[in-house]
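Encoded as structure tokens, the structure appears first; notes follow it.
Taken together, the values in this text are just the output of simple stated rules run on the coordinates, not laboratory data. Predicted model, so just to flag it, every value in this text is computed and none were measured. Ideal geometry is used to build each Cβ from the backbone, glycine not excepted, and the neighbour counts take in all protein chains shown.
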Amino acid sequence: MSVLKRLSKSKYFNTVLWIVILIIVWEIGATVVAATKRSPENILPHLSGIIESVVSKDTINGSQTAVQMVLENAKATISRALVGFGIGTALGFVLALFMSRFKTVEKIAFPYLMIIQMIPILGMAPLIFAITQDISKSRIIIAAILTFYPVATNTLAGFKAVEKEKHELMISYAASKFQLYTKTMIPSCIPYFFTGLKISAPMAITASILVDTLQGGIGLGCLLSQALKGAMSRYVFWQIVFLSAFIGIFSFLLMGIIEYILCPYKRKGNKQEE
Amino acid sequence: MSEKALKRKKIDFNSVSSVLYPVLFGILIFVLWECGVLNTVLKTDTNILPAPTRIAGIMSENSSKISENLSATMTVIIWGLIAGSFLGYMAAVFATRFPNFGKGALTVLSVFNAIPIVALAPVFNNWTKDVSSEASVRSTVAKILVVTVVCAASMSINAYRGLTELKPFSLDLMKSYAADNMTVFKKLRFHNSIPYIFTALKVSVPSSVITALVSEYFAEYRMGIGRQIRDNISIAQYSAGWAYIAVACLIGILMYIILIIFEGIFTKRHRK
């Protein structure tokens, strides 16, 4: 009894418990669907069926098994998302730097950053494709725009949150602007910078998959629309759904891990809090 | 005295320039776009990137068709936003009431937030096949459900913080009054959570617009602003595509402004 009580207080146990509940609900649903529908794998297949399709050795297009095909396409999607993410991060950081250094730049750019946040960039995907006429370019551009503004706004907030005392201390040391930024401003804005990255990493992935669906070729999105049209086993569709969910979640967690490695001082702070 | 006047002058200049600079920048872009300089820079013709006045003209020409699609999209956004925020708030209340068990649920919900919309939309399309025999109805339900999931996640996390991060000793005070859980919720937790509700909405309003547009891409029934953007561009009707994009941007901006106004009204009363 006391073991159970202790377990119920543990955070991990409760998370796992909820995942188990979700799996049970899914399986009950799958059983009901299997009993009532003609093609249950379209609506809600058993999880075992999906896992089976992942490990199965049967080829679906002559040369590749389902999972090989999904992974190959995933690689293409992720690599393009990464390029866009990288460009967007760099641009966002540089803009934030300029905005904090030059008041005029901030005044001009900040309202537009707010507006970008409100307008649906992903909805503009087909148009950017029409302008660039190149699917990989448009994918990179959209991923970059989506990455750019959370990074810029959060990093700017980080620059602004630097304590005044630190700023004054550096000035009293007669530190140059360059030193001021490299020694105080940039290190202290890193946690904010990572907040931006955590928001934008899953968005970059979503953008990349979505742009894939606009044109044939290679990429998770293309495969998704082909599988939806019934060109191949429905299990490919489910593999893609789970894989893209996993990539989205993983990209978010990965940013947290990188932050953990890069910011030892933050780690210490957390321990003190506990 | 003169120092004060100088200070006021400085503030005046600051506030004037912070309006003037972005407006001037906007006008500059507008003029460049209208005169076709933007087309040269982006190496596109005026067919793909029409001038703003032409887009506005097309918007007014097709106003009846646009408003039909607009109302379809707005239905999805509004109902999804309401349902998602309500469910998210309920999840947060549940997690506050049963802290250990409920917090696990919040962790799982926050993970849902990272799932790409592109993966959710087709799944909900499949699940809503039996809702109605009308394709338009079941597509709308599927789209609303996707928006609901996206909004629920951000609301639950923020509302949970609002319900639990109370002022020190306020909970002890309520306990000393022998207040039951319901009273604590009504008198203390709910009021404390209001600013957090708006924080959540500031995230979920823009993302509900995006989600609605993207889930229209996958919907069975061809309706809505997002679908029109895509369909018009795929048949090379770029100006019409731009008109719908302009509408989509307007939805996003207007909804955000309405939200800010509501935030002003509701949090002012509670700040005291």
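Report the net charge of residues surrounding A:I50, where surrounding means a beta-carbon distance below 13 angstrom and charges are Lys +1, Arg +1, Asp -1, Glu -1.
Numbers: positive: A:R234; negative: A:E27, A:E41, A:E52.
Combined, the nearby Lys, Arg, Asp and Glu give -2.
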task = For B:E134 paired with A:S79, estimate the spin-label separation in nm (one decimal), with each label point 7 Å from Cα along the Cα-to-Cβ line.
result = 4.8
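Given all pairs of different Cα atoms, what value in angstroms does the Kirkwood hydrodynamic radius of the range B:1-151 take?
Working: mean 1/r = 0.0479 Å⁻¹.
That comes to 20.9 Å for the range B:1-151.
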remark   = HN-Hα couplings for the range B:126-131 via Karplus (6.51, -1.76, 1.60; θ = phi - 60°), in whole Hz with x for Gly/Pro, come out as 5, 6, 9, 4, 8, 4
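At 222 nm, what helix-only mean residue ellipticity would chain A give, in deg cm²/dmol to the nearest 500, using -39500 (n - 2.57) for each DSSP H run of four or more? Don't skip to the answer; put the middle values down first.
On the way: 13 runs with 217 residues, N = 274.
Calculated from helices alone, the mean residue ellipticity at 222 nm is -26500 deg cm²/dmol.
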key: Sorted peptide list for B:73-81, A:30-38, B:234-242, criterion being average Cβ within 10 angstrom, highest first   = B:73-81, B:234-242, A:30-38
message = Using the Kirkwood formula on the Cα atoms of the protein assembly as shown, what hydrodynamic radius do you get, in angstrom to one decimal?
response = 25.8
query = What's the Cα-based Rg to Rh of chain B, Rh via Kirkwood?
reply = 1.08
request  = List, in the order given, every pair from B:K143/B:K268; A:K107/B:K167; A:K103/A:K183; A:K137/B:K129; A:K75/A:K137; B:K103/B:K167 whose Cα-Cα distance in the structure shown is over 26 Å.
outcome  = B:K143/B:K268; A:K107/B:K167; A:K137/B:K129
inquiry  = Between A:L22 and B:S63, how high is the FRET efficiency from 1/(1 + (r/R0)^6) when r is the Cβ-Cβ distance and R₀ = 51 Å? Nearest 0.05.
reply    = 0.65
Derived scalar couplings ³J(HN,Hα) [the range A:135-145; Karplus, 6.51 cos²θ - 1.76 cosθ + 1.60; whole Hz; x for Gly, Pro] = 5, 5, 4, 5, 4, 5, 4, 5, 4, 5, 4
query = What's the FRET efficiency of A:F102 with A:I171 using the Cβ-Cβ distance as r and R₀ = 22 Å, to the nearest 0.05?
reply = 0.75
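Write down the Å³ per residue value for the convex hull defined by the alpha carbon atoms of the range B:156-227. Mind showing how you got there, number by number?
Numbers: hull volume 7.2 nm³, N = 72.
Normalising the Cα hull of the range B:156-227 by residue number yields 100 Å³.
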The range A:2-44: proportion of alpha-carbon pairs further apart than 11 angstrom, % = 68
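Need one number: convex hull volume per residue for the range B:231-272, Cα atoms only, in Å³.
Numbers: hull volume 1.8 nm³, N = 42.
So the per-residue hull volume is 44 Å³.
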ask   = Using alpha carbons only, how many degrees (0 to 90, rounded to 10) separate the axis of helix A:103-118 from the longest principal axis of chain A?
value = 20
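Express the C-alpha Rg of the range A:186-236 as a ratio against the empirical globular expectation 2.2 N^0.38 Å, rounded to two decimals. Mind dumping the intermediate values first?
Numbers: Rg = 16.6 Å, N = 51, 2.2 N^0.38 = 9.8 Å.
That ratio works out to 1.69.
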message = Starting from the 7 Å offset along Cα-to-Cβ, what nm value, one decimal, do you get for the label separation of B:A236 and A:K160?
response = 4.8
task = Bin all alpha-carbon pair distances of the range A:84-163 at 5 Å intervals from 0 and give each bin's fraction as a whole percent.
result = 3, 16, 22, 22, 17, 11, 6, 2, 1, 0
message = If the elastic network links every pair of Cα atoms under 10 Å, which of B:K143, B:K129, B:K167 fluctuates the most in the Gaussian network model of chain B?
response = B:K167
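Please find the FRET efficiency linking B:F94 to A:E52, where r is the Cβ-Cβ separation and R0 is fixed at 45 Å, and quote it to the nearest 0.05. Show your work: numbers first, answer last.
Details: r = 35 Å, r/R0 = 0.79.
For R0 = 45 Å, the calculated efficiency reads 0.80.
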task = Kindly write out, for the range A:69-84 in residue order, the coupling ³J(HN,Hα) from the Karplus curve 6.51 cos²θ - 1.76 cosθ + 1.60 (θ = phi - 60°), rounded to whole Hz, with x marking Gly and Pro.
result = 5, 4, 5, 4, 5, 4, 4, 4, 4, 5, 5, 5, 4, 5, 4, x
message = Quick check: the distance between the Cα centres of the range A:203-249 and the range B:226-246, to the nearest angstrom?
response = 23
task = Calculate I(q)/I(0) for the range A:124-172 by the Debye formula, one identical point scatterer on each C-alpha and no solvent, and give its log10 at q = 0.30 Å⁻¹ to two decimals.
result = -0.97
note = Between the modelled labels at B:I257 and B:T75 (7 Å from Cα along Cα→Cβ) the distance in nm is 2.6
request  = Show which aspartates and glutamates lie in cross-link reach of A:K198 when reach means a straight Cα distance below 15 angstrom and same-chain residues fewer than eight apart are skipped.
outcome  = A:E259
query = Any idea what log10 I(q)/I(0) is at q = 0.16, 0.23 Å⁻¹ for the range B:122-245, Debye with uniform C-alpha scatterers and no solvent?
reply = -0.83, -1.16
message = Which log10 I(q)/I(0) values does chain A give at q = 0.08, 0.12, 0.15 Å⁻¹ under the Debye formula, counting every alpha carbon as one identical point scatterer?
response = -0.48, -0.92, -1.16
message = Can you list residues from other chains, or at least 5 along the same chain, whose modelled amide H is less than 5 Å from the amide H of A:L44?
response = none
